[in-house]
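The next block holds one structure in the form of structure tokens; read it before the comments.
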Amino acid sequence: MTTEQLGIAQAPSDVHSYAKPAEAVARHLDLDIAVDFDKKVISGKASYQIENLAKGNQIIFDTRGLNIEQVYLGKEQTPTTFRLGDEKKFLGKPLIVDIKPETDYVTIQYSTTANADALQWLNPQQTAGKKHPFLFTQSQAILARTWIPIQDSPGIRITYSAKVQVPKELMAVMSAENPQQKNNTGSYTFEMRQAIPSYLMALSVGDMVFKPIGSQTGIYAEPATIDAAVYEFAEMDKMLVAAEKLYGKYRWDRYDLLVLPPSFPFGGMENPRLTFVTPTVLAKDRSLTSLIAHELAHSWSGNLVTNGTWDDFWLNEGFTVYFERRIMEEIYGKDYADMLNVLGYQDLEHTLEELGSNSDDTRLKLDLEGRDPDEGLTDIAYEKGNFFLQNIERAVGRERFDQFLNKYFQTFAFKSTNTDLFLDFLRTELIKGDEQLAEQINIEGWVYTPGLPDDHKKPTSSRFAQVAAAFNSWKSGKPANQLQTKDWSSHEWLHFIRLLPEQMSQQQMAELDKAFGFSNSGNSEVLAAWFIHTIRNNYTAADKALDKFLTSVGRRKFLVPLYKALITTPTGKKKAQEIYVRAKPNYHAVSTNTLDALLK
Ligand SMILES: [Zn+2]
């Protein structure tokens, strides 16, 4: 199918973008910017090759909190008129540029402001090395428009080139072909030849070095972090091999990781060719690397085949979780993947409970109109999406399902898709009129109905059965230090902590802490789960560790449940607010937007 059939003409309008791609659409971006750490401003030019499909007199870009200084038409840069429309919450303002029917090139001269939510400017103290400042972007879901004027919809794809000027002692990297060494001019150029949606525009600037893992893979990190990262992610080459074996060739040339300072709000962000990753997965024992499998899997589901709107987010994340677990099964075996599925199911149950299982937000196909998509995107897309795909796999068998997925990735490569297009593909390629199969797959129940279908299969794990046995013997009086916990991975520990009752005595808390050293764990997943119990049970011996965690880690997945647990009592709320004041400078806007609402 052609781009016109799939990507543009049939694309449903994106309620989170002002752009009208069926009329005038950007195809390629030439970015020429300078990064000023003193003023905390990015400024320069975003020049677009455009296609004026309707031969009309306007092209519309998305902006939020940008200064638009001047707009030019053509390579000869003739000034043109433009205006900014009314501001809407989350969406910002449309930039409406007057063009001519024959216009094919538009240059926007602009600068960012303090309201650029995509950008996090870190002072040297907030980095691992403590000597140089650091900058990174987070464009997903609709924050690209806060640092580049752009048609900011996942249904629109562009290729790009970029020229970025940074301070001489720093290096710049992007979601593109990257330098592997610092130069002495601070001027870097980039090329992204594969068309990507705007939310994958990414830039990071800092004191970083590169070390290879395999011939096609490697790691960027601050000098202070690089060796730990190289050890932790040594298996990324193996993951790439496993992923290609499952769903076909990796289409983005290199696959590198950038390990960011701890304030990064997410576990990872699948910026193409260069995944951005939190240092909270540096557990020293390679136990949290399923996150890398996840980000790598996005090179197929998400980056190659992209959700056309944020209402179709499950097409990015549900597929990626499914794919991530398949990669982990390939490398570590089925009993390992089973553990991840059970933990995922627990997360899903928790989300269903929080949202209410009748909530429309628990359907796979969402309706986020009028809301910030970043707030509407939950575990539903990830885990319910994954279990839907596992349900299809069970119904048709793994071999047939893998053939189907391979064909899906091929057919929709470098295109945007949506729920309807996927379901049509499912019906024509897999269900093929088989009514019994259609009933088993139950599209209506999974995609359009809140909650989980009654006949869904709950995942189980034999390794977790042993954890439950150990837990039960502790509950019936066996001392913690005599439990059989040898060889437990962080997943088993996480499961154990999740099994703990809500109410525990100080003595029980202290016994567990002494036997297993939870409060001093080097594993962020274990810490975050344990602190929920220390807060609930007012186990003050862990307060110092909790304080340190909240003031150094910016990952929203950890922060939100901990602050939520704290604010359930008046004393806890006071404590939460006091910590938040100190911690906030270390958090990205993606996290503070959520926490401001929670803590006010
Ligand atoms: Zn993801």
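The values are calculated or read from the model by the stated rules, or taken from the named source; none is laboratory data. Keep in mind that this is a model prediction, so the values were computed, not measured. Note that each Cβ is placed from the backbone with ideal geometry, even for glycine, and that neighbours are counted across all protein chains shown. The accessibility values were calculated without ligands, DNA or RNA, using every heavy atom of the protein model including side chains. Shrake-Rupley method; radii C 1.70, N 1.55, O 1.52, S 1.80 Å.
Considering only helices (runs of 4 or more DSSP H) fully contained in the range 555-600, which possess at least 1 residues that are in contact (Cβ under 8 Å) with a residue 40 or more places away in the chain, among the aliphatic types (A, V, I, L, M) and surrounded by fewer than 21 Cβ atoms within 10 Å (Cβ to Cβ)?
The qualifying helices (runs of 4 or more DSSP H) are 589-599.
Within the set of pairs 6 or more residues apart or between chains, which connect a residue that is open to solvent by less than 100 Å² (accessible area, probe 1.4 Å) inside the range 453-482 to a residue that is at pLDDT 95 or above and among the β-branched types (Val, Ile, Thr) with Cβ atoms less than 6 Å apart?
PRO459/VAL342; SER461/VAL342; PHE464/VAL342
Checking the conditions here, which among THR449, THR411, THR417 is in contact (Cβ under 8 Å) with a residue 40 or more places away in the chain and touching a strand residue (DSSP E or B) at 6+ places or on another chain (Cβ under 6 Å)?
From the options THR449, THR411, THR417, the qualifying one is THR417.
Please verify whether PHE190 is part of a strand (DSSP E or B) and more than 16 Å from the ligand (Cβ to nearest atom), treating the condition exactly as stated.
yes
Are there strands (runs of 3 or more DSSP E) fully within the range 255-353 with at least 1 residues that are within 12 Å of the ligand (Cβ to nearest atom) and within 18 Å of ALA243 (Cβ to Cβ)? List them.
Because the criterion is at least 1 residues that are within 12 Å of the ligand (Cβ to nearest atom) and within 18 Å of ALA243 (Cβ to Cβ), the strands (runs of 3 or more DSSP E) in the range 255-353 that meet it are 274-277.
Please go through the range 34-69 and pick out each residue that is over 28 Å from the mean Cα position of the chain (by Cα), within 15 Å of LYS20 (Cα to Cα) and of a type in the set (D, E, K, R).
The answer is GLU51, LYS55.
Out of (1) touching a residue at least 12 places away in the same chain (Cβ under 8 Å); (2) surrounded by fewer than 18 Cβ atoms within 10 Å (Cβ to Cβ), the odd one out for PHE264 is which?
(2)
Here's the yes/no breakdown for (1) in contact with a strand residue (DSSP E or B) (Cβ under 8 Å, 6 or more places away or on another chain); (2) buried (at least 23 other Cβ atoms within 10 Å of the Cβ):
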position: ILE150; (1), (2): yes, yes
position: PRO154; (1), (2): yes, yes
position: LYS163; (1), (2): yes, no
position: PRO179; (1), (2): yes, no
position: SER198; (1), (2): yes, yes
position: ASP207; (1), (2): yes, no
position: LYS211; (1), (2): yes, no
position: PRO223; (1), (2): yes, no
position: TYR231; (1), (2): no, no
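Out of LEU95, LEU91, LEU66, report the one residue that is closer than 15 Å to ILE150 by Cα, open to solvent by less than 10 Å² (accessible area, probe 1.4 Å) and touching a residue at least 40 places away in the same chain (Cβ under 8 Å).
Checking each option against the conditions leaves just LEU95.
Only one of these conditions is not met by MET239: (1) farther than 16 Å from GLU330 by Cα; (2) within 16 Å of the ligand (Cβ to nearest atom). Which number is it?
Every listed condition holds for MET239 apart from (1).
So, in the range 481-518, how many residues would count as being within 19 Å of ILE532 (Cβ to Cβ) and of a type in the set (Val, Ile, Thr)?
1
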